1. For residue 129, work out the one condition from (1) free of Cβ contacts under 8 Å to residues at least 12 places away in the same chain; (2) surrounded by fewer than 21 Cβ atoms within 10 Å (Cβ to Cβ); (3) outside any loop (DSSP other than H, G, I, E, B) it doesn't fulfil.
2. Residue 36 versus (1) under 13 Å from the mean Cα position of the chain (by Cα); (2) at pLDDT 90 or above; (3) under 20 Å from residue 121 (Cβ atoms): which is the lone unmet condition?
3. Residue under question is residue 108, and the condition is that it be surrounded by 13 or more Cβ atoms within 10 Å (Cβ to Cβ) and at pLDDT below 85; does it hold?
4. Condition first: more than 23 Å from residue 157 (Cα to Cα) and at pLDDT 85 or above. Can you find one or more residues in segment 73-92 that meet it?
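The values are calculated or read from the model by the stated rules, or taken from the named source; none is laboratory data. Being a predicted model, the structure only gives us computed values, none of them experimental. Reconstructed Cβ throughout: ideal geometry from the backbone, glycine too, with neighbour counts over all protein chains shown.
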């Protein structure tokens, strides 16, 4: 990496995506992304290389989000935005698209009801594509704990989603 601009350009999309999944808001995700890179610049001397740069940045993102959430008096995310779960499917007709949108809204609501650690672990694994080892570095937990968090998060999300659908 030649400079900070390269670091930013290489990782801004991943940091923004994670911040968006945490916050549910484009505006807040943009602010979180800026604050993450600002904090990263301040912390560069303390980066030991124990993890990848991306994992380090996502850990900073999580800390910045949690600090802001606590300062705002909330631990849970703001009202969920179903675009976090959007999947483009041009092949579905109007009825199919409506059903898919309703399902995304129900999934977003269920996801927002998960405890923060479950949301984070599942988001990083399923949406962010991080390995259990990388997530363990972000969360500062051991890999076995992360495996269980992802497993429990999937189970709990399934229960909450079925409840949102009225099937439970």
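1. Unmet for residue 129, out of (1) free of Cβ contacts under 8 Å to residues at least 12 places away in the same chain; (2) surrounded by fewer than 21 Cβ atoms within 10 Å (Cβ to Cβ); (3) outside any loop (DSSP other than H, G, I, E, B): (3).
2. Result: residue 36 fails condition (1) only.
3. yes
4. Checked against the condition, which is being more than 23 Å from residue 157 (Cα to Cα) and at pLDDT 85 or above, segment 73-92 yields no hits at all.
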